[in-house]
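Have a look at the structure below before the remarks.
The values are calculated or read from the model by the stated rules, or taken from the named source; none is laboratory data. All values reported here derive from a predicted model rather than from experimental measurement. Positions of Cβ are generated from backbone atoms using ideal geometry, with glycine treated the same way; all protein chains shown enter the neighbour counts. The protein model used for the area step is the full one, side chains on, heavy atoms only, and it has no ligands, DNA or RNA in it. Shrake-Rupley method; radii C 1.70, N 1.55, O 1.52, S 1.80 Å.
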Amino acid sequence: MGDTTAAARELAARLGDELIALRRALHADPEVGLQLPRTQRRILDALAGLGLEIGTGTATTSVTAVLRGARPGPTVLLRGDMDALPVTETTGLPYASANGAMHACGHDLHVAGLVGAARLLAARRGDLAGNVLFMFQPGEEGYGGAAIMIEEGVLDAAGEPPVAAYGVHVSAEIPRGTVTTRPGPLMAGYSVFDVTVRGRGGHGSRPHNALDPVPVAAEIITALQTYVTRRFDVFDPVVITVGEVSAGSAPNIIPETARLRAGVRTFSTETDERLAAELPRLAHHIATGHGLTAVAAYDARLPVTVNDEAAAARYAATATRLFGADRYRTLPTPRTASEDFSLVLERVPGSYGFLGAAPPAAADRPIEGNHSPNALFDDSVLPDQAALLAESALGHLHAAAG
């Protein structure tokens, strides 16, 4: 096993320069959303010559690639997301984006790392008893890309549903090379709560002749925070952030309506179902108490990202075998961000985890997290990322073959 592990690391290390070059080309030319034609082209070029069965999306510029092993067996899915964020980059890197978008969440590393895994596994096709399905996904950042790919049949691309699914997300805050995951809930489910308070407009000097929706909206915002802390178990947490508030057009006019929109993070289906029923009722009753009305909608966007216990154990064991016990740690609690790989893990048992890509801290430049316009990722982790993905798939197929 030691010789095999060393060989896997050595083979991945040889790909380092190639993967870094691909990542930096992607970083300099990011695309947002579901239509990423230049990113798709780079992926297709990078996969050429590997003997993969390639498919592309219809509603998106997704890429699927199937590697058939030398012997029959099940299918394991590996996923990397492709899209950038509408963030203007301020890192000052020589390969920084100048088009108003930015790979501020590390998806450029995800693409390059998955390409690396495809190269590693294609080189060991003779060792594979089964198939590996590579899922290059656009539109993770709020565009429903995973749902679209599932609807278009990504889970059947190899001719049968995968028996396991694995993915890696890089972090600009976790120390370079550290791998983390946990069994069970890993990342929060995400919903949007949208409220429009309807009153009666009027002159700002005579509020008694109007029905002002602004203080009612403010009361709803405050009540949401009290509601969370008083009605839910702190060990099954809820995070509500009101990120949008809008009302009025001038300081001397009482508007007809006020609107608020909140992001809601949960870690269990039961809690999310309660919120869907109770939050609209809370807004309605507060508005009614002031003689106004409220139209409220709860839109469940993403489920909780839940790792299968056995798959999470395999992910942890693979990281420990490849990199040593000092580079792996189990997360004590889930993270409150959300991820649409959760839609895959609802259907396929698997594991998702994080790989630290924080560059060395500089005294004059503190580390900034994912989504920051100053986020920096140390792309020397790419061989490790490729090896972790490839060995997770290979180990699963070996175990299935007995």
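Can you find a residue that is of a type outside the set (Ser, Thr, Tyr), within 18 Å of Glu141 (Cα to Cα) and buried (at least 17 other Cβ atoms within 10 Å of the Cβ) anywhere in the stretch 9-17?
Filtering the stretch 9-17 for residues of a type outside the set (Ser, Thr, Tyr) gives 9-17.
After this cut, where a residue has to be within 18 Å of Glu141 (Cα to Cα) as well, the list is none.
So far as the stretch 9-17 goes, no, none of its residues is of a type outside the set (Ser, Thr, Tyr), within 18 Å of Glu141 (Cα to Cα) and buried (at least 17 other Cβ atoms within 10 Å of the Cβ).
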*Give the stretch 101-121 a look and list any residue that's open to solvent by less than 10 Å² (accessible area, probe 1.4 Å) and charged (D, E, K, R), or say none.*
Asp108
_Residues of the stretch 232-276 satisfying the condition of being in contact with a His (Cβ under 9 Å, 6 or more places away or on another chain) and either within 18 Å of Asp299 (Cβ to Cβ) or of a type in the set (S, T, N, Q) (or both)_ = Asn252
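Take Thr320 and decide whether it is modelled with pLDDT under 95, surrounded by fewer than 20 Cβ atoms within 10 Å (Cβ to Cβ) and more than 30 Å from Val197 (Cα to Cα). Before you say what the answer is, go through the steps one by one.
Numbers: modelled with pLDDT under 95: no; surrounded by fewer than 20 Cβ atoms within 10 Å (Cβ to Cβ): yes; more than 30 Å from Val197 (Cα to Cα): yes.
Judged against the criteria, Thr320 is not a match.
Report, by residue number, each residue of the stretch 18-43 that is in contact with a Ser or Thr (Cβ under 8 Å, 6 or more places away or on another chain) and either among the aromatic types (Phe, Trp, Tyr) or surrounded by 15 or more Cβ atoms within 10 Å (Cβ to Cβ) (or both). Reasoning before the result, please.
Start the filter on the stretch 18-43 by keeping residues that are in contact with a Ser or Thr (Cβ under 8 Å, 6 or more places away or on another chain), which leaves 20, 26-31, 34-37, 39-40.
Matches in the stretch 18-43: Ile20, Leu26, His27, Ala28, Asp29, Pro30, Glu31, Leu34, Gln35, Leu36, Thr39, Gln40.
Name the residue that is farthest from the chain's Cα centre (by Cα), counting only residues in the stretch 155-209 that are assigned to a strand (DSSP E or B) and of a type in the set (Ser, Thr, Tyr).
If we filter the stretch 155-209 for residues that are assigned to a strand (DSSP E or B), which is where we start, we get 164-175, 179-181, 184-187, 189-198, 200, 202-203.
Of the ones still in play, those that are also of a type in the set (Ser, Thr, Tyr) are 166, 171, 180-181, 190-191, 196.
Working: Tyr166: 13, Ser171: 11, Thr180: 15, Thr181: 14, Tyr190: 11, Ser191: 14, Thr196: 29 Å.
The residue in question is Thr196.
Select from the stretch 246-267 the residues that are polar (S, T, N, Q) and either part of a strand (DSSP E or B) or touching a strand residue (DSSP E or B) at 6+ places or on another chain (Cβ under 6 Å) (or both) and write down the one among them that is farthest from Ala188 (Cα to Cα).
Thr257
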*Out of Arg198, Arg206, which single residue is on the phi < 0 side of the Ramachandran plot and touching a residue at least 12 places away in the same chain (Cβ under 8 Å)?*
Arg198
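Counting residues that are modelled with pLDDT under 95, which helices (runs of 4 or more DSSP H) fully inside the stretch 1-95 reach at least 3?
Details: elements: 2-14, 16-28, 37-47.
Qualifying helices (runs of 4 or more DSSP H): 2-14.
Evaluate the following for Asp127: is it in contact (Cβ under 8 Å) with a residue 24 or more places away in the chain and charged (D, E, K, R)?
Values: in contact (Cβ under 8 Å) with a residue 24 or more places away in the chain: yes; charged (D, E, K, R): yes.
Yes; evaluated as a whole, the condition is true for this residue.
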*Considering every residue within the stretch 175-187, establish whether at least one is within 20 Å of Ala287 (Cα to Cα), open to solvent by 80 Å² or more (accessible area, probe 1.4 Å) and not small (Gly, Ala, Ser).*
no
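Taking into account only those residues within the stretch 354-397 that are small (Gly, Ala, Ser) and crowded, with 24+ Cβ neighbours inside 10 Å, which is farthest from Arg329 (Cα to Cα)?
Residues of the stretch 354-397 small (Gly, Ala, Ser): 356-358, 361-363, 369, 372, 375, 380, 386-387, 390, 392-393, 395.
Then keep just the ones that are crowded, with 24+ Cβ neighbours inside 10 Å; that gives 357, 375, 386-387, 390, 392-393.
Details: Ala357: 15, Ala375: 23, Ala386: 19, Ala387: 18, Ala390: 20, Ser392: 17, Ala393: 20 Å.
Among them, the one singled out is Ala375.
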*Among the listed residues Thr330, Thr305, which satisfies the condition of being open to solvent by 60 Å² or more (accessible area, probe 1.4 Å), within 17 Å of Gly184 (Cβ to Cβ), in contact with a Pro (Cβ under 9 Å, 6 or more places away or on another chain) and touching a residue at least 12 places away in the same chain (Cβ under 8 Å)?*
Thr330
_Are there strands (runs of 3 or more DSSP E) fully within the stretch 283-402 with at least 3 residues that are touching a Lys or Arg at 6+ places or on another chain (Cβ under 9 Å)? List them._
293-302, 350-358
*Do you know which residues across the stretch 197-217 are under 14 Å from Gly289 (Cβ atoms) and surrounded by fewer than 17 Cβ atoms within 10 Å (Cβ to Cβ)?*
Pro215
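Do you know which residues across the stretch 246-255 are under 37 Å from the mean Cα position of the chain (by Cα) and surrounded by 15 or more Cβ atoms within 10 Å (Cβ to Cβ)? Let's see the steps before the verdict.
Here is the first cut: in the stretch 246-255, the ones under 37 Å from the mean Cα position of the chain (by Cα) are 246-249.
Selection gives Ala247, Gly248.
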